[in-house]
Each structure stands twice: as C-alpha cells, then as structure tokens.
Amino acid sequence: MSRSQSLLIVFVAYILAFVLGLLLVWYLPEGNNLSKLFLIDVVLTFFIFMFSFRFGNASMYDPYWSVIPAYIVAYWWYHSLAIPNYVSWLLVSVIVGVWSVRLTHNWARGWQGMHQQDWRYLMLQDKTGKWYLMVNFLGIHLFPTLMVWLASVPIAYIFTSNEPLTPLNWLGAIIATGGIILEWVSDNQLRQFKKMNNSNTVLSSGIWAYLRHPNYLGEILFWWGIYLLSVNLFTPWYISLGAVGITLMFWFISIPMMDKHMLQQRPAYARYMLEVRGLIPFRKN
C-alpha cells in the first residue's frame, strides 16, 4: 500500500470518527457535559482502535492525540451554557487549533504508510506476545486518550467562566505558544538532520545542543499553558492533574524509553547524554 493510500485510509477513518462524534453529541442523553464528553472520547478511541487493528498498524492512532483537543474545543463552543467570553474562548481556540494542525502535520509528513509502525509499538508487540491486543487498546490507545482528556479539562473551565483574563491567563497563553514554537523548531531541526546525516550520528546542534528532548518539553509547556489559561478564583486545583500527568508520563516513561532506544541504535548517544540534559535547557558542562 502506498503512502498516499495509507494516508487516505487514515483520513477517512478520522472523518468517520468525527461524524460519529457529532451523532453522539446530538443523540446521547443530556446530562453532565464533562461526563458526556469523556464517554464520546472513549467511544471514538475504540472506533479508531478498530481501524488500527484491521490494518495491523497502531500508528493510525497517533494523530488522535493532536486531533481530539480541537474536537473538544468545538464541543465546548456548542455546549457551553455560559455567557460567551469571546476573548478567552477565541484565544484558547486559536492556540489549540495551531497546535493541533502543526502536530498532526508533523506526524503526517513523517509517517511513510501502513508498512511503518512506531518502534515502541513493535517493541511492545514483541514483549507482550498474545497479550498485545489488550496492551494495544489499553496502553497505546486508551491511556493517551485519558491523559489528553485530563489535560483538556481546563478547556471546560475556560468555556464556563465569565471572568476577564488575568495576567496569569496571559502568561499561560505565552507559555502554550512558546511550547508550540519550541516543538515546531525542534521537529524541523530533527527532520532536516535525518535527511542529511547517517543513522550513526546524533543531532547535537541548534536547540538539541541544550536539551535532549526539546519536542517533549514543548508538549509539556503547551499543556501547562492551557492549564494556566483556565486559572481564576473559582478554578479547582485538581484540574492541574492532567498537566501533571503528562509531565510525569514524559519524564518517567517517554524519555527513559527514548534514551534507551537511542543508546541501542547510536553509540555516540552515550556521550551526548553525559553532556546534555533531558528537559532542562542547559548543558551539563
């Protein structure tokens, strides 16, 4: 199957998921909107999982991480009962929209088609054997969905608040935007490096000279920025749990896994690890 055919299948799957999401919004019984959104999110995750299972490629789920927050924003535009606060609503919509388009595009231009699957998924498949189907759904599909849903809860508070934007909210917008820019620059530098260098070298220039995982840091900053955008006198503290969870996920799961993989693939990475920190943008010496 060609790359264009593969991307077409992914596109069709997500269009169908979007249509299903609209039907669920319209026909599910009225109730707590946050609970309703959570149920829709899980149903759509299972829908995409069926496609990834059918085509034997869990990477079909990867765009879901970046697509669903835009759907969540649209959901709150439709379902919010608050008096419209267009400044904050438009601000978060633009920030999430730009982040969503950029991250989805970055995945699409890097994915080569159904014959390519994320190395982490292949590793899990080898390690779990007959349990992979369960690991695939619970670990590769559902767990990221839950993390993004938790991190998106602050959006609900933005769309239910009539409070004017505070300096802390504007700081959140700046942090989220800075995270998007950091991801964009670091991903482009990595893409150019891969085009021009062999598989034995390590990217240690540009932003990558100061931290090993600038794209991860950008993602963390984005979600903390979204949280800060929602903070006011009436915002409960526990809506920060999503940003905290994503930070811990990158710190304790994604970074160690990537570092171990890079050490196995590129011996020069060992020296790079000694010289450059993971998420703190300063060299060790």
Go ahead and estimate [θ] at 222 nm for the chain from helices alone: -39,500 (n - 2.57) per DSSP H run with n ≥ 4, summed, over the residue count, rounded to 500.
-22500 deg cm²/dmol
Semi-axes of the range 43-126's equivalent ellipsoid from the Cα gyration tensor, sqrt of 5 times each eigenvalue, largest first, rounded to whole Å?
32, 15, 8
Residue farthest toward the positive end of the dipole of the chain, with Cβ of Lys/Arg at +1 and Asp/Glu at -1: which of ILE155, VAL96, GLN125?
GLN125
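May I ask you to sort MET249, MET257 by Cβ crowding, counting other Cβ atoms within 10 Å and putting the fewest first?
Numbers: MET249 17, MET257 13.
Ranked by crowding around the Cβ, least crowded first: MET257, MET249.
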Over its Cα atoms, what ratio of radius of gyration to 2.2 N^0.38 Å does the chain give?
1.04
In Å and on Cα atoms, what radius of gyration and Dmax does the range 1-89 show?
15.0, 50
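Let me know the volume per residue of the alpha-carbon convex hull for the range 1-162, in Å³. Please report the intermediate quantities before stating the final value.
Details: hull volume 17.8 nm³, N = 162.
Residue-normalised Cα hull volume stands at 110 Å³.
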With +1 at each Lys and Arg Cβ and -1 at each Asp and Glu Cβ, the charge dipole magnitude of the chain around its Cα centre, to the nearest 20 debye, comes out at 980
Using a ≥ b ≥ c from the Cα gyration tensor of the range 100-156 (square roots of the eigenvalues), is it rounded, prolate or oblate, where a/c under 1.5 gives rounded and otherwise the larger of a/b and b/c decides, a/b for prolate?
oblate
Have a look at LEU90, LEU150, LEU44 and tell me which one the Gaussian network model of the chain (Cα, springs below 10 Å) gives the largest fluctuation.
LEU90
So what is log10(I(q)/I(0)) for the range 236-285 at q = 0.18, 0.27, 0.29 1/Å, when the Debye sum runs over its Cα atoms only?
-0.67, -1.02, -1.07
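Would you mind putting 165-173, 240-248 in packing order, based on average other-beta-carbon counts within 10 Å, highest first? Don't skip to the answer; put the middle values down first.
Numbers: 165-173: 16.0, 240-248: 18.0.
Listed from highest to lowest mean packing, they are 240-248, 165-173.
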Evaluate the Debye formula for the range 163-285 with equal point scatterers sitting on the alpha carbons, no solvent, and hand back log10 of I(q)/I(0) at q = 0.15, 0.17, 0.20 Å⁻¹, in q order, two decimals.
-0.74, -0.89, -1.10
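Given +1 on the Cβ of Lys and Arg, -1 on the Cβ of Asp and Glu, and no further charges, what dipole in debye does the range 1-162 carry about its Cα centre, rounded to the nearest 20?
Values: 8 positive and 5 negative charges, 64 e Å.
With Lys and Arg at +1 and Asp and Glu at -1, about 300 debye.
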Distance between modelled label sites at ARG271 and PHE47, nm, 7 Å Cα→Cβ extension
5.1
Rounded, prolate or oblate for the range 133-193? Axes are the square roots of the Cα gyration tensor eigenvalues, ordered a ≥ b ≥ c, and the cut-off for rounded is a/c under 1.5.
oblate
Among LEU221, ASN198, LEU279, whose Cα lies farthest out toward the positive end of the dipole of the range 163-285, if unit charges sit on the beta carbon of Lys, Arg (+1) and Asp, Glu (-1)?
ASN198
Result row for the chain, helices from DSSP H with C-alpha axial extent 20 Å or more and mean Kyte hydropathy at least 1.0, is 3-27, 33-54, 143-158
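A short reminder: the numbers here are calculations on the coordinates, not readings from a lab. None of the values given here were measured: they were computed from a predicted structure. Methodologically, a virtual Cβ is constructed for each residue, glycine included, from the backbone with ideal geometry; neighbour enumeration extends over all protein chains shown.
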